[in-house]
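Everything on this sheet refers to the single structure shown next.
Where a number appears in this text, it was derived from the coordinates with a stated rule and is not lab data. In this text, all values refer to a predicted model and were calculated from it rather than measured experimentally. Cβ placement follows ideal geometry from the backbone for every residue including glycine, while neighbour counts extend to all protein chains displayed.
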Amino acid sequence: GAVVSQHPSRVICKSGTSVKIECRSLDFQATTMFWYRQFPKQSLMLMATSNEGSKATYEQGVEKDKFLINHASLTLSTLTVTSAHPEDSSFYICSADSGQGTYGYTFGSGTRLTVV
Amino acid sequence: AQSVTQLDSHVSVSEGTPVLLRCNYSSSYSPSLFWYVQHPNKGLQLLLKYTSAATLVKGINGFEAEFKKSETSFHLTKPSAHMSDAAEYFCVVTAAGFQKLVFGTGTRLLVSP
């Protein structure tokens, strides 16, 4: 089946530094990937839609200059949290369309970001 | 616009007893509905999906859900809970042809021995 690998699973960084999170589709090509943020004991909130070869589409209220998304190939999308602050600490999850539209979205295992 | 309401934030059952997780949806279009499960600090796994075919949908691990248009509901059930079912469950809606998934607030299922 379709597999999405997300790396790293956990990261701790200092305030003011940047962190990159990778999302890879291992056995399929994904023209579209999605990035979600999940606060403790809350639901997933869509941050942005990442399209291969074009600019990401950000949801209202998400700072595109802070959360940089790059989707340079059909198997890799990256989310970079720039100038991280403690309030950016969260669980970030990516998902990819394995070719069946919404019926075939596959999720990564998530990245726990802690900014100290 | 689409939305889902998960009526219970927590559900507690004993192992071997039935599970019912409730979800009501709102959609301006013919909806597609999903249930996902999330174990602690893990990604999401698709349990089942409704895509306008059969209204009773069977999923993995013995779960099933019934789409009831008249009640705008898509409740998740399982006849007999197992300890490994303890997790967070999300009801999700989207409209056909739309890419965005809209998540409910989640229901935490607790299973006691």
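Mind listing whichever residues of segment A:21-46 are in contact (Cβ under 8 Å) with a residue 24 or more places away in the chain, part of a strand (DSSP E or B) and more than 13 Å from B:Gln99 (Cα to Cα)?
Across segment A:21-46, the qualifying residues are A:Ile21, A:Glu22, A:Cys23, A:Arg24, A:Ser25, A:Tyr36, A:Arg37, A:Gln38, A:Leu44.
Can B:Ala81 be described as within 14 Å of another protein chain (Cβ to nearest Cβ), assigned to a loop (DSSP other than H, G, I, E, B) and not polar (S, T, N, Q)?
No.
Scan A:Thr106, A:Thr75, A:Thr114, A:Thr82 and give me the residue that is in contact (Cβ under 8 Å) with a residue 60 or more places away in the chain, in contact with a Leu (Cβ under 9 Å, 6 or more places away or on another chain) and surrounded by fewer than 20 Cβ atoms within 10 Å (Cβ to Cβ).
A:Thr82
Given the structure, is A:Arg37 at negative phi, within 12 Å of chain B (Cβ to nearest Cβ) and loosely packed, with under 15 Cβ neighbours inside 10 Å?
So A:Arg37 does not fit the description; no.
So, in segment B:49-72, of the ones that are in a strand (DSSP E or B) and more than 11 Å from every other protein chain (Cβ to nearest Cβ), which residue ends up surrounded by the most Cβ atoms within 10 Å (Cβ to Cβ)?
By that ranking, first place goes to B:Ala65.
Does segment B:7-44 hold any residues that are surrounded by fewer than 17 Cβ atoms within 10 Å (Cβ to Cβ) and outside any loop (DSSP other than H, G, I, E, B), and which are they?
Answer for segment B:7-44, where residues must be surrounded by fewer than 17 Cβ atoms within 10 Å (Cβ to Cβ) and outside any loop (DSSP other than H, G, I, E, B): B:His10, B:Ser12, B:Ser14, B:Leu20, B:Ser26.
Could you tell me which numbered condition A:Thr82 fails, if it satisfies all but one of (1) of a type outside the set (Gly, Ala, Ser); (2) within 11 Å of chain B (Cβ to nearest Cβ); (3) over 13 Å from the mean Cα position of the chain (by Cα); (4) closer than 17 Å to A:Val11 by Cα?
Of the numbered conditions (1) of a type outside the set (Gly, Ala, Ser); (2) within 11 Å of chain B (Cβ to nearest Cβ); (3) over 13 Å from the mean Cα position of the chain (by Cα); (4) closer than 17 Å to A:Val11 by Cα, the odd one out for A:Thr82 is (2).
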